[in-house]
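Here is the structure we will look at, set down as structure tokens.
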Amino acid sequence: MLETNTLEIIIFSILAAFMIGGSLAMITNKQTVFSAFGFLVAMLGLAGMFALLDNRFLAIAQIMVSVGAVVVFSMLTILTINMKEKSLLVEPDKFKWIAFSIVLIAPFTYLLYKSLSSTALKFSTSIQTFDTKAVGHELFTSWALPFEMVSILLLVGMLGSIVIARKKKEKR
Amino acid sequence: MLSLIVILPFFSALLMALVYLQDTSKKRYLFFTFVGVGTPAFSSLLSLYFGYMLLNGSETIHTTLFEWISIGEFQVSFAFMADRLSVVMISFITVIGTLIHIYAAGYMRDDGAYGKFFSYFNLFMGSMLLLILADNPIMMFVGWELVGLSSYLLIGFYHTESKNITAANKAFMLNRVGDFGFIMGIALLFLSLEGTGFTYESIELHILSIDHDTLTLIGIFLFIGAMGKSAQIPLYVWLPDAMAGPTPVSALIHAATMVTAGVYMVARYSFLYEQIPDVGLFIAYIGAASALFAAIIASYQSDIKKILAYSTMSQLGYMFMAVGIGAYSSGIFHVFTHAFFKALLFMGAGAVIVALHHEQNIFKMGGLKKHLKLVYITMFIATLAISGIPPFAGFFSKDAILVAAFSSEHYLLWAMGSLTAGLTAFYMFRLLFSVFHAQPKEQHSLVKLPKSMTTPLVFLAFGSATAGFLGLNAAYGGSAFINNFLNLPDVSHHISHSSEYMLGALNVALGVSGMMLAYKMFATKTQELNADTLLKKVVINKFYIDEIYEFFVLKPLLILSRFIANVLDPKVFDGFINLNVWGYKNAATLFARLQNGKVRYYALYILIGVSAMSYYMIFKLGGL
Amino acid sequence: MTPDMFFGLASVLFSIGLVGIISRRNLFVVYMSIELMLSAISLILATFSKLQGDAGGSVMALLMIGVIASEAALFLAMIVHLYRDYRTVDSDDFDILGSADA
């Protein structure tokens, strides 16, 4: 299916450009809100990637959670902090650090890629969509325990964030 | 039983030390006298008992107390051995020692540190007995060191005057130089024996397995130790200064016992020295030179104790001459007789000094023969003995040595020995006549002497008179009892009886002529010494040996020590250590800056590690 | 479209996230870089899930998203707390551990 492949490659490239561009913007911007925007773009790209992998459920879940909840929440916090322009961070060595870190991490990236691709597998030509039904079936049968634990984790996270962020009534 | 002879004096020394330290102001005269004199008396009884047993044909007696060192081949046990040589030595040492202890009880009566004195004195007795009764070279060395320590303690007994301390230090240091040689000798002996046991008996068995050159080296090293301990040239300079100690100390240590330890050592190692007659000859020449040298110096001294000190050195030279040429029994026999008359002379001198309120210059004394009759008679007997006039003891022992020298064709040694004999008679009678006969310049009032000081003199005089008959050799009708009993590997030479008589007569003639010369010069009026000629000046100043040592040996050592203490130690060694400290401090400061508390940097460090590993994996291990 | 492309993309995203953690001092950027790293891992999981035909990988990725959400809440709560006490979101200002009286 040559056309499918070419189309998929084009779509993949566009989405990849979005993701990488967005993440690069995220780590190089001085203003926090702009970084948050870059992050948002990257998350949307990721959702598209999930869709490209025929994984409908994950794509929608990603949009709902990562984009809808996380990014919005981050924006909210950033705006709550409400730092003025003049009290923004000055990071003079930002690019030096980035360059140095890229040099350090390059081999690791290469190794990671090599180790993953050494499995030498190919996508099966049959389209196997993971829709909600398939995921749900797994979720409630063989993955029931992790599911429960993650729900507890979310509960604890909620409580924890309340405890950490509340104002102390009495003086320490 | 045998070990009691050594252990009792040590124990009593400890006991007296503890009692003394408990309250140093209390005199406790009775207690210290009883313990201090009783212990050597008991040891002497035990020694005589063992002598009697060995006399009646018993074999060598061994007693082992415990295993002391046990490291591989180096096995040393704390053991004692009573063979014929040691039993002869301990017999006269303990008996004469007891007499001197009795004398000291009278001499030191008014001294405040009476208990300390007897504690040290008994420590010395124990050490000397340990040295003699030791079964192996290491135990003997322990005794050797301990007698050196006791000597130091006793010389510096009047420690309030700094010159006494200097004298004590000098004695100990020169002793130490000798001990260095001794240790090298023992170590070399042990190494060359290669693990065949280290007691005297086992060494004697294996002595032939050591090659000749090593034996020569060992012999020389051991003799260096004897040079220090027995005051031979060149390590003798401590002996005259050691007279700063109390007179009983001089009598016991520096006349009768400690200084003879060197001679005993050579006799003990006779099985070694008979293999190396060249070293023996060297020893003999050193002995003869020391004897002559000391006799010359003694002829011009005016302090009574210093004269006797040089006389001791001279007689020790005789003993070394004897053991050097292989006449071991004659040497030990001379040790035996010399102990009697030298102890007597020192004690008599001490009596004179005390009687004249601590006057020590013989030219300030005179005419005492009327007032100190007993002392005079006993000292006269001793002087006759030391001058070699028969039938007193010194004649037989000295004669035996000179005959041995002549008959083994060492004529130079014989000539030096005979000349020294003449000089000995001269300066000893000079002492006697100046003290007792000559007209005094001024009259002194005399202190009354206690009986404890005068009675031992009588016993020793008896010994000086008769001890010679124990060693009578065949020519004079005796059976050479001591020589046969000692059973040492003597080098024997045959000489006709007539030659022996002639040599004996020559000795007597020399002695008598010395006595006559002294009588003529000193008996009538006290003659002061004056240093008119250059020769006299040199001799009176003891040939300036002390000054030479000070210039050539002490000064460079002091300069070196100052250099090390002021330059080397603080700048080089400390500087090196400070450099290390500085390096560590700076490195630590550098490393401390890595931990600045910022998490970002810590993450960077993790990344650096991972990155290094990744680079290594890619480039060295060829990718994945 | 081969799996290698996805793997390559995920590796690059992971590295970018790691670079962001180390280089930036702004706490928000650090947080978002962490999220980026986690998302890259989710991508790898989803890829493997499709490769093996196993739904388990997708489930894992889903649970990862859940964990991401919880972590977001806690992280942002911490930032609010720190800002209230120290008035700064610069990570270099929190260096009490480096001084002598930690």
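Descriptive notes on the structure:
Yes or no, residue by residue, for (1) within 12 Å of chain B (Cβ to nearest Cβ); (2) in contact with a strand residue (DSSP E or B) (Cβ under 6 Å, 6 or more places away or on another chain); (3) surrounded by fewer than 20 Cβ atoms within 10 Å (Cβ to Cβ):
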{"position": "C:Asn26", "(1), (2), (3)": "yes, no, no"}
{"position": "C:Ile44", "(1), (2), (3)": "no, no, no"}
{"position": "C:Asp54", "(1), (2), (3)": "no, no, yes"}
{"position": "C:Leu62", "(1), (2), (3)": "no, no, no"}
{"position": "C:Asp85", "(1), (2), (3)": "no, no, yes"}
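- Taking first residues from segment A:29-51 that are touching a residue at least 24 places away in the same chain (Cβ under 8 Å) and farther than 15 Å from A:Ile63 by Cα and partners that are surrounded by 18 or more Cβ atoms within 10 Å (Cβ to Cβ) and aromatic (Phe, Trp, Tyr), the Cβ contacts under 6 Å between residues at least 6 apart in sequence or on separate chains come to A:Thr32/C:Phe28.
- Condition broken by C:Leu38, with the remaining ones in (1) under 14 Å from the mean Cα position of the chain (by Cα); (2) within 12 Å of chain B (Cβ to nearest Cβ) satisfied: (2)
- Of all the listed residues (A:Ala99, A:Ala59, A:Ala69), the sole one being surrounded by fewer than 18 Cβ atoms within 10 Å (Cβ to Cβ) and modelled with pLDDT of 90 or more is A:Ala99.
- Extreme residue, surrounded by the most Cβ atoms within 10 Å (Cβ to Cβ), among residues of segment B:382-399 that are of a type in the set (Val, Ile, Thr) and either at pLDDT below 85 or farther than 12 Å from B:Ala421 by Cα (or both): B:Thr383
- Top-ranked residue in segment A:26-44 [being surrounded by 16 or more Cβ atoms within 10 Å (Cβ to Cβ) and over 18 Å from A:Val72 (Cα atoms); ranked as nearest to the chain's Cα centre (by Cα)]: A:Ile27
- B:Thr98 being surrounded by fewer than 24 Cβ atoms within 10 Å (Cβ to Cβ) and without any contact (Cβ under 8 Å) to a residue 24 or more places away in the chain: no
- Residue satisfying all of: in segment B:569-624; of a type in the set (S, T, N, Q) and in a helix (DSSP H, G or I); nearest to A:Phe100 (Cα to Cα) among these: B:Ser611
- Among the residues of segment B:296-310, those that are surrounded by fewer than 24 Cβ atoms within 10 Å (Cβ to Cβ) and of a type in the set (Gly, Ala, Ser) comprise B:Ser299, B:Ser302.
- The one condition from (1) part of a loop (DSSP other than H, G, I, E, B); (2) facing chain C (nearest Cβ under 7 Å) that A:Met26 does not meet is (1).
- Which numbered condition B:Asn586 misses (of (1) touching a strand residue (DSSP E or B) at 6+ places or on another chain (Cβ under 7 Å); (2) of a type in the set (S, T, N, Q); (3) at pLDDT 85 or above): (1)
- As for segment A:72-79, it holds no residue that is outside any helix (DSSP H, G or I), more than 7 Å from chain C (Cβ to nearest Cβ) and in contact (Cβ under 8 Å) with a residue 40 or more places away in the chain.
Matching residues to (1) at pLDDT below 70; (2) small (Gly, Ala, Ser):
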position	(1), (2)
B:Phe469	no, no
B:Leu472	yes, no
B:Phe485	yes, no
B:Gly504	no, yes
B:Met515	no, no
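- Taking segment B:128-167 as the range and being without any contact (Cβ under 8 Å) to a residue 40 or more places away in the chain and in contact with a Gly (Cβ under 6 Å, 6 or more places away or on another chain) as the test, only B:Ile165 passes.
- Which numbered condition C:Ser99 fails, given (1) within 14 Å of chain B (Cβ to nearest Cβ); (2) in contact with a Phe, Trp or Tyr (Cβ under 9 Å, 6 or more places away or on another chain); (3) not charged (D, E, K, R): (2)
- Taken as a whole, the structure places C:Phe6 among residues that are more than 24 Å from B:Ala603 (Cβ to Cβ) and buried (at least 22 other Cβ atoms within 10 Å of the Cβ).
- Within the set A:Ile105, A:Ile10, the sole residue that is more than 9 Å from every other protein chain (Cβ to nearest Cβ), assigned to a helix (DSSP H, G or I), over 17 Å from the mean Cα position of the chain (by Cα) and over 30 Å from A:Glu138 (Cα atoms) turns out to be A:Ile10.
- Of all residues in segment A:131-172, those satisfying the criterion of being more than 14 Å from C:Gly66 (Cβ to Cβ) and not in a helix (DSSP H, G or I) are A:Asp131, A:Thr141, A:Ser142, A:Arg166, A:Lys167, A:Lys168, A:Lys169, A:Glu170, A:Lys171, A:Arg172.
- Failed criterion for A:Ser117 (all others in (1) modelled with pLDDT under 85; (2) buried (at least 17 other Cβ atoms within 10 Å of the Cβ); (3) over 22 Å from B:Ser614 (Cα atoms) hold): (3)
- Only residues that are part of a helix (DSSP H, G or I) and either of a type outside the set (A, V, I, L, M) or under 12 Å from the mean Cα position of the chain (by Cα) (or both) were counted across segment B:252-292, and they come to 24.
- Hits in segment A:120-144 (condition: of a type in the set (Gly, Ala, Ser) and modelled with pLDDT of 75 or more): A:Ala134, A:Gly136, A:Ser142, A:Ala144
- Checked against the criterion of being under 20 Å from the mean Cα position of the chain (by Cα), surrounded by 17 or more Cβ atoms within 10 Å (Cβ to Cβ), part of a helix (DSSP H, G or I) and in contact (Cβ under 8 Å) with a residue 24 or more places away in the chain, segment B:186-206 has at least one qualifying residue.
The values are calculated or read from the model by the stated rules, or taken from the named source; none is laboratory data. The structure presented is a predicted model; accordingly, all values stated were derived computationally and were not measured. A quick note on method: Cβ atoms are made from the backbone with ideal geometry, for glycine too, and the neighbour counts reach across all protein chains shown.
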